[in-house]
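Engineer: Just dropping this structure here.
Readers should treat all values here as calculations from the given coordinates under stated rules, not as data from a laboratory. Please read these numbers as outputs of a predicted model, since none were measured by experiment. Don't worry about glycine lacking a Cβ; one is built from the backbone with ideal geometry, like all the others, and counts go over all protein chains shown.
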Amino acid sequence: AKEQSTKDEL
Amino acid sequence: MNIFRFLGDMTHLISILILLLKIYATKSCSGISLKTQELYALVFLARYLDLFTDFISVYNSVMKVVFIASSLAIVWCMRRHRVVRRSYDKELDTFRHYFLVAACLALALLVQEKFTFLEVLWAFSIYLEAVAILPQLVLLQRSGNVDNLTGQYVFFLGAYRAFYILNWIYRYFTETHFSRWISCVSGLVQTALYADFFYYYFISWKNNSKLQLPA
């Protein structure tokens, strides 16, 4: 999964 | 997005709406720690810097704006509103929260996913959110009786991160490259800090009595 997935949470 | 995270976000939103309701309806912020509100404003500002750089979804962006705007509005209200600020328990809200900020910043500089400006600030916001409730819990213990809306506010605030822990467990088992140990450890600490509050909240609910926290 791309790196961004860990920052898709609030 | 999974149901746990959605429930967590909604619970978080409800806690903020309850606080806004309390301040707006009673024109009073007695029992509310301004320091905790300031810490939350800092948490959201530090964490949502990517609001303008990375678009994830409308939901994500809208919620970030709501959280930043509401936390700043509450801080402004408690500091500047001529009626509300008179009910602020200034002499009870004496937790030295600057130490919390300094400690979390130091920890974020030591422990983060990548040593970049955004990652350090993100880790800082995660650590700070875990301890931001401390001034509020100390204030509740000092002020003895807790009014219903304040009790419900703290309860929903604690419940939101508990839902997030379920979300991380769910994502751990359903997604391959999912590792959020910084959030998970901080989230566990954050929820653990509410443990005694949850206990007394449950007791007061069971006995249908006023919420009393032992001094």
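Engineer: Working from Cα positions, state the angle (0 to 90°, nearest 10) between the long axis of helix B:117-131 and the longest principal axis of chain B.
Structural biologist: The two axes meet at around 40 degrees.
Engineer: Set the Förster distance to 22 Å, then compute FRET efficiency between B:Asn2 and B:Ser57 from the Cβ-Cβ distance, nearest 0.05.
Structural biologist: Working: r = 14 Å, r/R0 = 0.63.
The formula returns an efficiency of 0.95 here.
Engineer: A further question on this structure: Taking chain B as the reference, fit the longest principal axis to its C-alpha atoms, fit the long axis of helix B:58-80 to the helix C-alpha atoms, and give the angle between the two in degrees, 0 to 90, nearest 10.
Structural biologist: Here the helix axis deviates by roughly 30 degrees.
Engineer: What value, in deg cm²/dmol to 500, does the helix sum -39500 (n - 2.57) over DSSP H runs of n ≥ 4 give at 222 nm once divided by the residues of chain B? It would help to have the intermediate numbers written out before the result.
Structural biologist: Working: 9 runs with 152 residues, N = 215.
Calculated mean residue ellipticity at 222 nm is -23500 deg cm²/dmol.
Engineer: While we're on this one: Straight-line reach from B:Lys210: which aspartates and glutamates fall under 17 Å, measuring Cα to Cα and dropping same-chain residues less than 8 apart?
Structural biologist: Excluding near neighbours in sequence, the set is B:Asp147, B:Asp196.
Engineer: Follow-up question, since we're still on this one. Connecting C-alpha atoms closer than 10 Å in a GNM of chain B, tell me which of B:Ala103, B:Ala46, B:Ala130 has the biggest fluctuation.
Structural biologist: Comparing B:Ala103, B:Ala46, B:Ala130 in a Gaussian network model of chain B, the most mobile one is B:Ala103.
Engineer: Also, quick follow-up: Rounding to the nearest 20 debye, state how big the charge dipole of chain B is about its Cα centre with +1 on each Lys and Arg Cβ and -1 on each Asp and Glu Cβ. Walk me through the numbers before you get to the answer.
Structural biologist: Details: 20 positive and 13 negative charges, 138 e Å.
Magnitude of the dipole: close to 660 debye.
Engineer: List, in order, the whole-Hz ³J(HN,Hα) value for each residue of the range B:30-44 obtained from phi through the Karplus relation with A = 6.51, B = -1.76, C = 1.60 and θ = phi - 60°; use x for Gly and Pro.
Structural biologist: Values per residue, Gly and Pro as x: 5, x, 9, 8, 4, 5, 5, 5, 5, 5, 5, 4, 5, 4, 5 Hz.
Engineer: Can you list which of the trypsin sites (Lys or Arg not before Pro) found in the range B:117-183 are DSSP loop residues with at most 13 other C-beta atoms within 10 Å?
Structural biologist: Loop-located and lightly packed - none at all.
Engineer: For a quick check of your reading of the filter: which chymotrypsin sites (Phe, Trp or Tyr not before Pro) in the range B:87-164 sit in a DSSP loop and have no more than 11 other Cβ atoms within 10 Å?
Structural biologist: Numbers: sites: B:Tyr88, B:Phe95, B:Tyr98, B:Phe99, B:Phe115, B:Phe117, B:Trp122, B:Phe124, B:Tyr127, B:Tyr153, B:Phe155, B:Phe156, B:Tyr160, B:Phe163, B:Tyr164; in loops: B:Tyr88, B:Phe95, B:Phe115.
Sites meeting the loop and neighbour criteria: B:Phe115.
Engineer: Let me ask something else about it. Which links in B:Lys27/B:Lys64; B:Lys64/B:Lys206; B:Lys90/B:Lys206; B:Lys35/B:Lys206; B:Lys22/B:Lys90 stretch past 24 Å when you go from one Cα to the other?
Structural biologist: Values: B:Lys27/B:Lys64 26 Å; B:Lys64/B:Lys206 36 Å; B:Lys90/B:Lys206 32 Å; B:Lys35/B:Lys206 31 Å; B:Lys22/B:Lys90 18 Å.
Violating the 24 Å limit, Cα to Cα: B:Lys27/B:Lys64; B:Lys64/B:Lys206; B:Lys90/B:Lys206; B:Lys35/B:Lys206.
Engineer: How would you classify the range B:43-194 from its alpha-carbon gyration tensor, with a ≥ b ≥ c the square roots of the eigenvalues: rounded for a/c under 1.5, else prolate if a/b is greater than b/c, otherwise oblate?
Structural biologist: Details: a/c = 1.67, a/b = 1.56, b/c = 1.07.
Prolate, since a/c reaches 1.5 and a/b exceeds b/c.
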